[in-house]
Amino acid sequence: MDERYEPKNVEPKWQQEWERSQLYLTRQDPARPKFYVLEMFPYPSGAGLSVGHLHNYVPCDVIGRYKRMAGFNVLHPMGWDAFGLPAENEAMLRQSHPSETVPRYAANFKRQLIISGCAYDWTREINSSLPEYYKWTQWLFLLLYKRGLAYRAMGSQWWCDKCRTILANEQVINGNCWRHTDNPVSKKDLEAVVHKDH
């Protein structure tokens, strides 16, 4: 027996077995307690995952596995935060459309997460750029607006000419945009949506 661990010889076999047995599907056994694991969904705005992504996902995976072994019904979904500026900026950079780049990048992210062995219930996969998802975001925002909990107001905002959007204070580093480190940002008076504090 070879004492060296060869992941390419071992892991694909077990990953296929986990998929075949649907090991990570969310069980709905009323006799068991429920446990929900959720980490931030990645932005599919690059060709692949980084080690930094797995730095976040592996600890949550460990917690979910532990709870599953402890007898819990574990819901551990994964999805793509694909309806926003990172996906739009990447598409513009590639001179493409988000409807082309997002599915391609998300498919590669998913492939990489499966290879990593993370225990997600892929039947619960979410993509925030699909109409069946964002219609609920729109519904909730309109509800907040109608009830006076969100409103439009003028405010002084950091502006990046290259991103063509406002930036949070944390995205301004030494007076430059965090994405375009050679691009100075400026303050602009712009109308924005504000959530009312309670």
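The values are calculated or read from the model by the stated rules, or taken from the named source; none is laboratory data. Computed from a prediction, not measured in an experiment: that's the story for all the values here. Every residue, glycine among them, receives a Cβ derived from its backbone with ideal geometry; neighbour counts consider all protein chains shown. Calculation scope for accessible area: heavy atoms of the full protein, side chains included, ligands and nucleic acids excluded. Shrake-Rupley method; radii C 1.70, N 1.55, O 1.52, S 1.80 Å.
Residues are listed down the side, and each one gets a yes or a no for (1) in a helix (DSSP H, G or I); (2) closer than 30 Å to GLN171 by Cβ:
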| position | (1), (2) |
| --- | --- |
| PRO42 | no, yes |
| LEU54 | yes, yes |
| VAL74 | no, no |
| MET92 | yes, yes |
Revision key, fill the gap. Those strands (runs of 3 or more DSSP E) completely within the stretch 136-198 that have 1 or more residues that are over 18 Å from PRO86 (Cβ atoms) and either of a type outside the set (Gly, Ala, Ser) or over 25 Å from the mean Cα position of the chain (by Cα) (or both) are 150-160, 186-195
Exercise for review: Return the pairs, sorted by first residue and then second, in which the second residue is in a strand (DSSP E or B), the first residue lies in the stretch 149-170 and is among the hydroxyl-bearing types (Ser, Thr, Tyr), the beta carbons are less than 7 Å apart, and the residues are 6+ apart or on different chains.
Suggested key: TYR151/VAL194; SER156/LYS187; SER156/ASP189
Check your understanding: Is it true that some residue in the stretch 176-193 is closer than 24 Å to ASN56 by Cα and surrounded by 12 or more Cβ atoms within 10 Å (Cβ to Cβ)?
Key -> yes
Study note, to complete from the structure: Within the stretch 130-143, the residues that are surrounded by 14 or more Cβ atoms within 10 Å (Cβ to Cβ) and within 22 Å of VAL37 (Cα to Cα) are TYR133, TYR134
Review point. Restricting to the stretch 8-40, what's the tally of residues that are part of a loop (DSSP other than H, G, I, E, B) and not hydrophobic (A, V, I, L, M, F, W, C)?
Key: 11
**Study point:** Among (1) in contact with a helix residue (DSSP H, G or I) (Cβ under 9 Å, 6 or more places away or on another chain); (2) in a helix (DSSP H, G or I) - the single one CYS118 does not satisfy
**Key:** (2)
Practice item. Report whether or not ASP81 is under 18 Å from the mean Cα position of the chain (by Cα), at pLDDT 95 or above and within 27 Å of TYR133 (Cα to Cα). Key: no
Practice item. Go through the residues of the stretch 85-95 one by one and say whether even a single one is closer than 27 Å to LYS8 by Cβ and surrounded by fewer than 16 Cβ atoms within 10 Å (Cβ to Cβ). Key: no
Revision key, fill the gap. Residue pairs qualifying under the 7 Å Cβ cut-off, at least six apart or on distinct chains, with the first in the stretch 96-109 being free of Cβ contacts under 8 Å to residues at least 12 places away in the same chain and the second being open to solvent by less than 40 Å² (accessible area, probe 1.4 Å), are HIS97/ALA91
**Study point:** Test: LEU49 is out of contact with any Asp or Glu (no Cβ under 6 Å at 6 or more places or on another chain), crowded, with 18+ Cβ neighbours inside 10 Å and hydrophobic (A, V, I, L, M, F, W, C)
**Key:** yes
Review point. Under the condition of being surrounded by 17 or more Cβ atoms within 10 Å (Cβ to Cβ), under 30 Å from ALA31 (Cβ atoms) and of a type outside the set (Ser, Thr, Tyr), which residue from the stretch 52-64 is farthest from the chain's Cα centre (by Cα)?
Key: GLY64
Check your understanding: Under the condition of being touching an Asp or Glu at 6+ places or on another chain (Cβ under 7 Å) and over 11 Å from GLY46 (Cα atoms), which residue from the stretch 96-127 is surrounded by the most Cβ atoms within 10 Å (Cβ to Cβ)?
Key -> PRO98
